[in-house]
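Since the structure comes first, as structure tokens, the remarks are kept for the end.
Since every read-out is calculated from the coordinates, none of them should be taken as a lab result. On a predicted model such as this, the values are computed, not experimentally measured, just so you know. Note: ideal-geometry Cβ built from the backbone for every residue, glycine included; neighbour counts use all protein chains shown.
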Amino acid sequence: AIAKGGTVTLTEDIILESSCVISNDVTINLNGKSIKCASSDVFVVTAGTLTINGNGLVYGSEDNSSSSCAVWAKENGMVVINGGTYKVGHDGASKAANQANWRNDCIYARDNAKITINGGEFTCNGIEGITAHALWATAGETTINGGTFNGKDNYNGFNVDAELGAVVNINGGKFLPVHSGSLYGEGTINVMGGEFFDDPSARVA
């Protein structure tokens, strides 16, 4: 357990047996180290605020026995990402190729979650049977001020997927080319800045 307002600095690579559930105001300093969960989502934020700093790596589950994401904010959770590398759907994603409903998402927002992304690299690997998103928002409000989003140029990956009811504000960041479309969904996506290699006006709803 991490005390309310606590700060954790990773000094070695860590593999979690289950998700790290955040319900306090917690800061994680990655400092070049990596953290991943053996079987599911890495961070699940249900209340309070998770702040992630540094240049380390956050990996989604590699065994693909279930959907996995690096950071999942739900209920009233708040997340601030200032840096780091976030990867899902890597190393063995083909094992779940026949599971059409499974997903691999770097960042997932739902309920009343609020997420602010100021920097970082977000890479997902969508293959046949797996939908992958650098950011998947089904509800809540996400603001992107910076970072690099790479939904991969392959079968079924997206940079930003905002479902109906979700709000995504894009003030900056770099959005690399993807096969399925950089911006997607019927939610609200406000583009006020950023560098797009796919035309953001060609969004698929």
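For the peptides 16-28, 48-60, residues were scored by their other Cβ atoms within 10 Å and the scores averaged per peptide; the highest-first order is 48-60, 16-28. Scanning residues 5 or more positions from residue 48 or on other chains, those with amide H under 5 Å from its amide H are 78, with H placed 1.01 Å from N in the peptide plane.
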